[in-house]
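Taking it in order: structure first as structure tokens, then the write-up.
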Amino acid sequence: MVDAADSPGGDPGASRRYAWLDQARGIVALLFVISTIMGPMGGNMLLGDRLPLGPTYLDHGYNYYKGYPPLITLIDIGQMTFMFVLGFVAYIAFTGRLAKRGPRAAWAYAARRVGALYVLSFIACGLIYRLEGKPINWPEVLYNDIIAELALAALFSYVMSYFVRNAGWRASLAVVAFVVHAFLFASHAVDQYPWFDTPLGRPKFPLGALNLSAIAVMGTAFSQWIRMDPADPRVGFRRRVLPVSVVALGAGYCMEWIQHSDHHDVTTALALISVGLSGLLLASTYAFNEAGLEIPWLEPLGKNLILVFIIGALGINRYVEALPRPFLEAHPYACLLLVGVAPLALVISIAVALDKRNIVIRL
Amino acid sequence: MTEAAEKAMTHSNTAQVTRVYHRLAVGCLIAALALAWPFAIALQKGRRVDAVVERGVYFQGVKLLCLEYAREHAGRFPELRRGPGRIVFDRDGLHSSYRLAWSFGSRLWGAGPPVVFGHMDSNLGFALGEYLDDWRYFYLGYAVTNEDEARAFAHAYRIRAVCGFDFGSDLWAHPGHGTLGTDALCRLDTGLAAALIDAGVWDGAEEELAARIPILIERPRPGPEAGGWVAYLDGHAEYVPYPGPFPMTPEFFRILGRLEALDKWHGVWPQDSFSCCPARPD
């Protein structure tokens, strides 16, 4: 599945901001903030111990039901789309530096990004835990928590972008990772996320991190395909992005019949569907942009995705958890304002204010 | 560019894109066919583990019943069933359910089987009918931590069961053959580990001792994942391979098998002929 179109023939050095890409990143940022505020709003639908609040399709299924097969909702795609976009942007940034300033600068940038993400991971799952009197959760700091998974995904994106210059080969390697994951998951060769099999003493393995990294690597391939013709991104969309996205969706659908989606272990079915939907998301924001259509606030949000992520992971989460649950259950309007609107409004206001001053927070 | 040239270019582009779709679809199909057989083997292996996990889920339910009983009876675990041959707990003291899931009994779903909910995870249900199958589990009701103590238990059990006495108190054992080398087999109690430490029988940590005393033992199953679930006094459960460490040893299950066989003798083996049997208390 490789032809000349997969070769790095574009102009990686010409790293410029794409408005449509910022729009897509904006949607991912919104999904991330929503998933953060929805986390503490869940409720056990079997025990009925807490009343679920807010739009349930925007909260992870496991916040309502922990069982088999897992309950998958719209937001379960959010994390994977985030990884995909991370890989997509990582390719542009890394190869841009590689072409302009050489390998040393590119790797210094990569080390800075991965290092900063691990520092954040240590703060979120180490330092804050310690301040709360809990022991540091090293598996979470290193590979199990979302920030650590971002760091690993970024690392794999840079390494693969550098050592495997052909986008088709990179995508194929990502597919190999999906297949390996499917086998490991199907055979119970390693410990899965739910507690059920934990007493069996299977070896621990970061199943989630494996497929999330593969999704990010897939993102790097899409990024290169879009610049197949540097003058006209439509060529890349038509010849690679759309076909691969559609086939990924089809493959994900078929895989779902064989192996259910699972959020925490990021099973292959969910990973393939995420790749497909992420490709379609890019194609639709590109098409909107071409047609002169623009959704307000998405671009500023997309430009400062990292800032949104930090605010969400370290600030909003704690704010929502601190709100008194009985009060929110008793007053739906207050719940809407305090949980549903205020954090989103805050994040959007910060992003718009920064955008007006042309400030982009980078790691 | 003329209209004809534009049309020809569009046609060529469409053909090119269609080729990409075809190649991707054929690639996926070839990969799926090539991987079908190894994946089936992986699935088969996974299903064997799933079966073990499913047994574990029911096992956790039974364990939970015992723990709930202990919580409601000042730490005392259920009594061993009176009468020979059934090495399980007496159901009389147990509730038929502890916490019912209203969603299963809602008007939409109909009454359905009773479902018990536990606290080891937020929402797992166990139908009582299945998990009170006393063939699947062994419950000794006493702290037995090795084969020597198991033999002492078997001896004491024979006497009490055949004579029809209850199992409400500690069992007498030959000196040094009781729980952890004491002179008695201690009734299971949530405070047992602390009591044994106070008595100077154990010099390690309380948690460590509680994690060594089995309270519920699944009858081991053969097969590639041969073994059985074991729940311990501290509440944790493990899947122990068979043959493996105590209690998953062939000798231990031979002892239990001989005790189960007492059931067949009951009735043809009159109590009066059992010379060592003390008078039955009123």
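A few notes on this one:
- Of the residues making up the range A:65-100, just one is within 12 Å of another protein chain (Cβ to nearest Cβ) and either open to solvent by less than 10 Å² (accessible area, probe 1.4 Å) or in contact with a helix residue (DSSP H, G or I) (Cβ under 7 Å, 6 or more places away or on another chain) (or both), namely A:Leu71.
- Residue check, B:Lys45 part of a helix (DSSP H, G or I) and either away from chain A (no Cβ under 12 Å) or open to solvent by less than 30 Å² (accessible area, probe 1.4 Å) (or both): no
Here's the yes/no breakdown for (1) touching a strand residue (DSSP E or B) at 6+ places or on another chain (Cβ under 6 Å); (2) over 22 Å from B:Ala152 (Cβ atoms):
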| residue | (1), (2) |
| --- | --- |
| B:Ala205 | no, yes |
| B:Asp234 | no, yes |
| B:Met248 | yes, no |
| B:Glu251 | no, no |
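- Condition check for A:Leu184: within 14 Å of another protein chain (Cβ to nearest Cβ) and closer than 24 Å to B:Gly27 by Cβ: yes
- The test for being farther than 14 Å from A:Ala221 by Cβ, at the interface with chain B (Cβ under 9 Å from one of its Cβ atoms), assigned to a loop (DSSP other than H, G, I, E, B) and not basic (Lys, Arg) holds for A:Ala189.
- Members of the range A:256-272 that are open to solvent by 30 Å² or more (accessible area, probe 1.4 Å) and within 11 Å of chain B (Cβ to nearest Cβ): A:Ile258
- Residue within the range B:6-17 that is at pLDDT 80 or above, at the interface with another protein chain (Cβ under 7 Å from one of its Cβ atoms) and open to solvent by less than 60 Å² (accessible area, probe 1.4 Å) present: yes
- None of A:Pro199, A:Pro194, A:Pro233 is away from chain B (no Cβ under 11 Å) and either modelled with pLDDT of 95 or more or open to solvent by less than 50 Å² (accessible area, probe 1.4 Å) (or both) except A:Pro233.
- Only one entry of A:Leu155, A:Leu173 meets the criterion of being more than 8 Å from chain B (Cβ to nearest Cβ), modelled with pLDDT of 95 or more and under 29 Å from A:Gly126 (Cα atoms), and that entry is A:Leu155.
- Count of residues meeting criterion [buried (at least 24 other Cβ atoms within 10 Å of the Cβ) and assigned to a loop (DSSP other than H, G, I, E, B)] in the range A:129-172: 0
- Options B:Phe153, B:Phe167, B:Phe138; residue that is at pLDDT below 90 and among the hydrophobic types (A, V, I, L, M, F, W, C): B:Phe167
- Scope the range A:317-358; condition open to solvent by 60 Å² or more (accessible area, probe 1.4 Å) and within 23 Å of the chain's Cα centre (by Cα); matching residues: A:Arg318, A:Tyr319, A:Glu321, A:Val341, A:Leu346, A:Ser349
- Residue count for the range A:69-128, restricted to those that are part of a loop (DSSP other than H, G, I, E, B) and of a type in the set (Ser, Thr, Tyr): 1
- Which numbered condition B:Phe39 misses (of (1) more than 9 Å from chain A (Cβ to nearest Cβ); (2) over 29 Å from the mean Cα position of the chain (by Cα); (3) modelled with pLDDT of 90 or more): (1)
- Total residues in the range B:224-260 satisfying the condition of being in contact (Cβ under 8 Å) with a residue 24 or more places away in the chain and within 14 Å of chain A (Cβ to nearest Cβ): the figure is 11.
The values are calculated or read from the model by the stated rules, or taken from the named source; none is laboratory data. This structure is a prediction, so every number in the text was calculated from the model and none was measured. As a convention, Cβ positions derive from the backbone with ideal geometry for all residues, glycine included, and neighbour counts pool all protein chains shown. All accessible areas refer to the heavy atoms of the entire protein, side chains included, with ligands and DNA or RNA removed. Shrake-Rupley method; radii C 1.70, N 1.55, O 1.52, S 1.80 Å.
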